[in-house]
1. Which condition breaks for residue 84 when tested against (1) open to solvent by 30 Å² or more (accessible area, probe 1.4 Å); (2) within 26 Å of residue 139 (Cβ to Cβ)?
2. Every residue in region 130-176 that is open to solvent by less than 50 Å² (accessible area, probe 1.4 Å), at pLDDT below 85 and not in a helix (DSSP H, G or I), please.
3. Restricting to region 49-64, count the residues that are in contact with a Phe, Trp or Tyr (Cβ under 7 Å, 6 or more places away or on another chain) and under 17 Å from residue 137 (Cβ atoms).
4. Looking at (1) closer than 25 Å to residue 292 by Cα; (2) of a type in the set (A, V, I, L, M, F, W, C); (3) not in a helix (DSSP H, G or I), find the lone condition where residue 109 falls short.
5. Is there a residue in region 231-244 that is among the charged types (D, E, K, R), under 28 Å from the mean Cα position of the chain (by Cα) and open to solvent by 80 Å² or more (accessible area, probe 1.4 Å)?
6. Please enumerate the residues belonging to region 26-43 that are part of a helix (DSSP H, G or I) and open to solvent by 30 Å² or more (accessible area, probe 1.4 Å).
7. In region 1-56, which residues are hydroxyl-bearing (Ser, Thr, Tyr) and without any contact (Cβ under 8 Å) to a residue 12 or more places away in the chain?
8. Please go through region 1-22 and give me each residue that is surrounded by 14 or more Cβ atoms within 10 Å (Cβ to Cβ) and within 31 Å of the chain's Cα centre (by Cα), ordered by number.
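The values are calculated or read from the model by the stated rules, or taken from the named source; none is laboratory data. This structure is a prediction, so every number in the text was calculated from the model and none was measured. In this analysis, Cβ positions are derived from the backbone assuming ideal geometry, glycine residues included, and neighbour counts consider all displayed protein chains. Heads up: the accessible areas ignore ligands, DNA and RNA and are worked out on the full protein's heavy atoms, side chains in. Shrake-Rupley method; radii C 1.70, N 1.55, O 1.52, S 1.80 Å.
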Amino acid sequence: MAIPDYQKAMLPLLKLTADRAEHSVSDARDQLAAEFDLTQEERSALLPSGKQPVFDNRVGWAKTYLQQAGLLESTRRAYFRITDAGVIKLGENPREITAQSLEAIPQFAAFRNAGRGNSEPQEHVALVSQTQTPEEILDNAFRNLKDQLASELLVQVKSASPNFFERLVVDVLTSMGYGGSWKAGTAVVGKPGDEGIDGMINEDRLGLDVIYIQAKRWEGVVGRPEIQKFVGALAGRRAKKGVFMTTSSFTGEAKSYVDTIEPKVVLVDGRRLAELMIEFGVGVATRSVYETKRIDSDYFSEE
């Protein structure tokens, strides 16, 4: 089944503690995963940030919301149990527990309203919070902004001259750590007689190996014949490694071809190139930086 949202985890989590015993967060996650019949793949699925499993994050927020409502309480680091109010809530035999139903509890309503400015439409906040945890909201918003930037970058790159594109490709590889420095470790060829090679870059600062580059500022899809020409040019230089970058995309046949040949050739399409530019700061500037923080439990430990 699909990974349940954090609200669907609330009632099962509260029921799990009905024995009034102390429970660990880790065991609770495992028991809920079994109850929801999640596969290992679903348990391993990560948030867009790649820093935390989606299911773990949702169980964590289900626990947080139940604690803020006074239905659960922390006993020590990563351990919790049901409260008297939680026992009473279970005695009402609720069909489900949601963020909206918890709003009837004053202390939870105060928690939810904390930090909401008077100008912020609360209906919107409630709507997006019904299925997504705060981390998911932030991660998805960040991903949307990044996708939009990548699309805009690709438009800019496609409008540049072929010579500029060739230098851009070398800039990206240098920013990724190849070559050591632009002047010391790279060379742009890109001229008549280059035999299909647009540039070369040292694989490391010592120049133990060289990577050859082909840069195609194309609109059409790049097929196997173009890749074969590049491979032939590599063979002429006895090269073992090459990178073929384009502003467009590659056919399935081209992708399959490079999986079966020597030398090693990496294909980078326009979308991936834009993502690398963003990741390594080529052609982009930072506008805003946001930090999220969590409690440092070690600081509060008195042991």
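1. Looking at each condition in turn, residue 84 falls short on (2).
2. Answer for region 130-176, where residues must be open to solvent by less than 50 Å² (accessible area, probe 1.4 Å), at pLDDT below 85 and not in a helix (DSSP H, G or I): just 130.
3. So the answer is 3.
4. It is condition (3) that residue 109 fails.
5. As a first pass, look at region 231-244 and keep what is among the charged types (D, E, K, R): 237-238, 240-241.
From the residues that got through so far, the ones that are under 28 Å from the mean Cα position of the chain (by Cα) too are none.
Among the residues of region 231-244, not one is among the charged types (D, E, K, R), under 28 Å from the mean Cα position of the chain (by Cα) and open to solvent by 80 Å² or more (accessible area, probe 1.4 Å), which makes the answer no.
6. If the condition is that a residue be part of a helix (DSSP H, G or I) and open to solvent by 30 Å² or more (accessible area, probe 1.4 Å), then 26, 27, 29, 30, 31, 34, 35, 40, 41, 42, 43 are the ones that fit.
7. Our first condition is that a residue be hydroxyl-bearing (Ser, Thr, Tyr); within region 1-56, this holds for 6, 17, 24, 26, 39, 44, 49.
Result: 39, 44.
8. Correct list: 3, 4, 5, 6, 7, 8, 9, 10, 11, 12, 13, 14.
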